[in-house]
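Here is the structure we will look at.
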Amino acid sequence: LVKSDSISLLQLIADDCYHTRYFAVAARAFDALNGIDSSKYVDPLVCSCVGAFAELSQQDIRSSLEVEAITIEIIGFLQKY
């Protein structure tokens with residue numbers, strides 16, 4: 001893949017995951033995009049992190065280790081900014 005194709009694919013993954021409420025995956029994709037162009041993806045990254053926290057707080061079917069791992073990852077994303 002050409003670099004622009006990779007960025008387009010990453011944008012598609014980020015947007016689709018956000019719109020289908022897979023916020024943790026969207027946050028990962030937006031974080032990767034933010035490493036390429038930090039001026040465009042901070043807001044979507046933060047919104048994805050907020051959505052992921054909200055999703056975690058509403059689901060009690062996840063194991064505590066899974067919740068902890070996702071929480072640590074999201075906090076890591078947010079600490080960069």
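Worth pointing out:
- Close pairs from segment 5-28: first under 21 Å from E73 (Cβ atoms) and without any contact (Cβ under 8 Å) to a residue 60 or more places away in the chain, partner among the acidic types (D, E) and outside any helix (DSSP H, G or I), Cβ under 6 Å, at least 6 apart: none
- Just one residue in the set D43, D60 is among the acidic types (D, E) and at pLDDT below 90; that residue is D60.
- Qualifying residue in segment 56-70 (condition: touching a Phe, Trp or Tyr at 6+ places or on another chain (Cβ under 6 Å) and either assigned to a helix (DSSP H, G or I) or open to solvent by 70 Å² or more (accessible area, probe 1.4 Å) (or both)): no
The values are calculated or read from the model by the stated rules, or taken from the named source; none is laboratory data. What you see is a predicted model; the values in this text were computed from it and never measured. Here the Cβ is made from the backbone with ideal geometry for all residues, glycine too, and neighbour counts use every protein chain on show. Accessible surface is based on the protein model in full, side chains and every heavy atom, while ligands, DNA and RNA are left aside. Shrake-Rupley method; radii C 1.70, N 1.55, O 1.52, S 1.80 Å.
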